[in-house]
Amino acid sequence: MDTEPLTKLDPAYTTVMRIEGALTVLPFLIGAIALGVAGIFPEPWTWAPMAVPAIFAVLFIGLLPIKRFRSRGFHMSDDRVRVVKGVMFHADTVVPFSRVQHLDVEQGPLERAFGIARLILHTAGTHNASVTLPGLAHADAVAMREEIRAHVKRESL
Amino acid sequence: MTAAAKIEVGEWRRVNKLTLVVNTLLTAGRALIPIGFALYSISDDGGATGIAALLFGLGGIALFALMIGGAWLSWYRMRYRIGENDVRLEQGIISRSARSVPYDRIQDVSLEQKLIPRILGLVEVKFETGAGGKDELTLSYVSEAEGERLRDTVREMAEGEGASPIDAAHRPLSASAPAAQQQGETLFAMGPKRLFIFGLFNFSLVVFAVLLGAMQQLEFLLPFDLWDYLSDWLRDGRIVEAGKAVSGYGLAAKIIAAIYALGVVIVVGMASGMVRTFVRDWEFRLDRTPKGFRRRRGLLTKTDVVMPVQRVQALVVKTGVIRRRFGWHGLSVISLAQDNGSSNHDIAPFATMAEIAPIAREAGFTLPDDSALWRRASSDYYFDRAILRAFFPATAALLAFVTGFVPVGLALAAVTMFIAAGEYFLWRFVRHALDPEQVISRRGWLAPSLRIANRVKLHSVEITQGPLARWRGYCTLRFGLAGGRLAFPGLGLEDAREMRSAALNSIAAVDFAKLPK
């Protein structure tokens, strides 16, 4: 069961992660500009602090979103869902539908603008009490929720 | 509120009136220390005239009246109801809170008696929901008889509510012979003799920490200043005199003095361990009743806990470095309910394996025997860990040798060797097994512990790998277990995948709603 191909997330998820990255870099950029304008550092180094937001921008806007997108994926079979993630630290989680307590589909403002959503599965276990699958197209997330819910209901009858 | 009254469903009731006495005493006890402080500071001023003392006395009386009034108000404003579908509790003098706990969410009902309520014949009833500690429903206090009845009533209601097919199969049995089976059979009990042996192994130096702490807190009560005395002792050379005196004693006397000091520490440690054991586990008794395991224990605070067998998620068998040599082990269970703040319930804290096996069988688990197919974690994992952990002491040892501190270097080298040997033994002794119904984990080297979880009662499976683990080809396998943790670090990837798919197949085959509740 570990050989099946993983379903990729929605490509718009990369864009959302890029914007989130940009928001992370923004305070550093403002700080660096402020330092430059104030002229804290001597002449040739006045704009040296800009290196920090520049490096962060390459990391958080350029590199990480692509790497994250590539490392994430999921696979739904008829009785379980497998969620894979992690660039440096891999995690590969399987939740059987029969152990799902309840389900959430969540959207932040950014996610809503790009039409994607997070599917969150809650279990009764102490570890992995909730497993989040981000970056799904909203319609897909809702469809998956309905499918898992239908499965839970059918089993319980 | 007469003791003989039967519990009516749907009737609002108040807790026992004697609760007033308990609460007043408790508040007064807590107020004692601040009042003491106040008295102390007044007397310290030296200006405690008659009027000031009188005012203070009047203030004290007013405060006491206020306490009684407050206790009465909170008693008057607190009521509870055993309803058709839930237990309700309303309380609060000005801001009211109403809590409702549905029967099918109640994990167990426990009775607890602290010292003062016990003298007055009162108990505290706790309805545990598995929400973890704080959010459970607590009735303090009702009379002992009322507590017993409340528990029986609630348990009957709870069973009627969440009747699953498996429960239904058990019910005719308990209904046909309720009184006779109520007591159940005793699975395990500890008499004074067993407690004494248990106490010997519960060596604890907590009392020294408490003494030190108390010395810092209450130092102002001593007639002399401890720290000034100590610094005088150092400055005036009295320490030198004391040292001279000691060196004058000769070698034999010095050794005797050292042995004496060590002996005192050991005796005090054992005595405090003994006291703690006797206070906690006095008259320990575990019964198998039709409703589940019933455990009673305690000298000053008596507790009486019933745990439905079906709610047991996993078993833990623990031991200690020394007690293991004498064949003593402790059995506890993992469930959603909490026990004195710890998530595991001790059900046989000090027993032989021969005594533990039948209890485990009652709980629906089998202890692994020689036929279990034990597997080990990846040797690479322990090799990497040994290198990472021994790195700093080894470097330090090398530095010490180079700079000429040979004894220090030798000590550090010994530490390095010990760490490396420890990892080797961990690799040899830590193991896991998978049988058709259970997942078994055995951890530790000098004091091994065993965890047995029911495969069907797991909730999720996760395989994680850090960068090093990915490079070296091992991983950590984690199971989602209700109320506890079950992790297997450093497994080979193939082994972990095999365990995962085997466990997942058993989990997926049984729906959560069909799990025995």
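Some notes on this structure:
- Unmet criterion (only one of (1) within 15 Å of the chain's Cα centre (by Cα); (2) at pLDDT 90 or above; (3) of a type outside the set (Val, Ile, Thr); (4) outside the structural domain of A:Leu29 (by TED's automatic domain parsing)) for A:Ala139: (1)
- Of all residues making up the stretch B:284-308, the number that are surrounded by fewer than 18 Cβ atoms within 10 Å (Cβ to Cβ), of a type outside the set (Ser, Thr, Tyr) and closer than 20 Å to B:Val333 by Cα: 3
Every residue, every condition in (1) assigned by TED's automatic domain parsing to the domain that holds B:Asp104; (2) within 24 Å of B:Gln107 (Cα to Cα); (3) assigned to a strand (DSSP E or B), yes or no:
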site: B:Arg295; (1), (2), (3): no, yes, yes
site: B:Leu299; (1), (2), (3): no, no, no
site: B:Ser335; (1), (2), (3): no, yes, yes
site: B:Ala354; (1), (2), (3): no, no, no
site: B:Gly364; (1), (2), (3): no, yes, no
site: B:Leu367; (1), (2), (3): no, no, no
site: B:Asp370; (1), (2), (3): no, no, no
site: B:Leu373; (1), (2), (3): no, no, no
site: B:Tyr381; (1), (2), (3): no, no, no
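- Residue under evaluation A:Gly36, criteria (1) closer than 23 Å to A:Ala117 by Cβ; (2) open to solvent by less than 90 Å² (accessible area, probe 1.4 Å); (3) not basic (Lys, Arg), criterion not met: (1)
To keep it simple, each residue is scored yes or no on (1) in contact (Cβ under 8 Å) with a residue 60 or more places away in the chain; (2) open to solvent by 30 Å² or more (accessible area, probe 1.4 Å); (3) in contact with a Gly (Cβ under 6 Å, 6 or more places away or on another chain).
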{"residue": "A:Arg18", "(1), (2), (3)": "no, yes, no"}
{"residue": "A:Pro53", "(1), (2), (3)": "no, no, no"}
{"residue": "A:Arg68", "(1), (2), (3)": "no, yes, no"}
{"residue": "A:His75", "(1), (2), (3)": "yes, yes, no"}
{"residue": "A:Lys85", "(1), (2), (3)": "no, yes, no"}
{"residue": "A:Thr93", "(1), (2), (3)": "no, no, no"}
{"residue": "A:Ser98", "(1), (2), (3)": "no, no, no"}
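- Filter result for B:Gly473 (within 19 Å of A:Val84 (Cα to Cα) and in contact with a Phe, Trp or Tyr (Cβ under 6 Å, 6 or more places away or on another chain)): no
- The strands (runs of 3 or more DSSP E) falling completely within the stretch A:1-119 that include 1 or more residues that are within 14 Å of chain B (Cβ to nearest Cβ) and either in contact with a His (Cβ under 6 Å, 6 or more places away or on another chain) or farther than 30 Å from B:Arg500 by Cα (or both) map to A:80-85, A:102-106.
- Helices (runs of 4 or more DSSP H) contained in the stretch B:154-257 and holding at least 1 residues aromatic (Phe, Trp, Tyr) and modelled with pLDDT of 70 or more: B:192-201, B:206-218, B:226-235
- Subset of the stretch B:440-455 [within 12 Å of chain A (Cβ to nearest Cβ) and on the phi > 0 side of the Ramachandran plot]: none
- Condition met for B:Arg431 (open to solvent by 80 Å² or more (accessible area, probe 1.4 Å) and without any contact (Cβ under 8 Å) to a residue 60 or more places away in the chain): no
- Some residue of the stretch B:303-310 being closer than 21 Å to B:Gly199 by Cα, out of contact with any Ser or Thr (no Cβ under 9 Å at 6 or more places or on another chain) and modelled with pLDDT under 90: no
- For the stretch A:35-90, a residue qualifies if it is farther than 24 Å from B:Ala469 by Cα and aromatic (Phe, Trp, Tyr), and the qualifying residues are A:Phe41, A:Trp45, A:Trp47, A:Phe56, A:Phe60.
- Filter result (facing another protein chain (nearest Cβ under 9 Å), over 30 Å from the mean Cα position of the chain (by Cα) and either open to solvent by 10 Å² or more (accessible area, probe 1.4 Å) or modelled with pLDDT under 90 (or both)) within the stretch B:456-492: B:Gln465, B:Gly466, B:Pro467, B:Ala469, B:Arg470
- For the stretch B:494-511, taking the residues that are more than 9 Å from chain A (Cβ to nearest Cβ) and open to solvent by less than 50 Å² (accessible area, probe 1.4 Å), the one that is farthest from A:Ser98 (Cα to Cα) is identified as B:Asp495.
- Scanning the stretch B:69-105 for residues that are under 21 Å from B:Ala158 (Cα atoms) and open to solvent by less than 30 Å² (accessible area, probe 1.4 Å) yields B:Tyr80, B:Ile82, B:Gly83, B:Asp86, B:Val87, B:Leu89, B:Val101, B:Tyr103.
- Residue selected from the stretch B:339-390 under the condition open to solvent by 50 Å² or more (accessible area, probe 1.4 Å) and β-branched (Val, Ile, Thr), by the criterion nearest to B:Asp287 (Cα to Cα): B:Thr366
- Filter result (surrounded by fewer than 17 Cβ atoms within 10 Å (Cβ to Cβ) and more than 9 Å from chain B (Cβ to nearest Cβ)) within the stretch A:120-131: A:Ser130
- Residue match in the stretch A:121-140 (condition: among the charged types (D, E, K, R) and farther than 29 Å from B:Val510 by Cα): no
The values are calculated or read from the model by the stated rules, or taken from the named source; none is laboratory data. For clarity, every value in this text was computed on a predicted model and none was experimentally measured. So basically every Cβ, Gly included, is an ideal-geometry build from the backbone, and we count neighbours across all protein chains shown. Ligands, DNA and RNA are stripped out before the accessible areas are found, and what is left, the full protein with its side chains, is counted by its heavy atoms. Shrake-Rupley method; radii C 1.70, N 1.55, O 1.52, S 1.80 Å.
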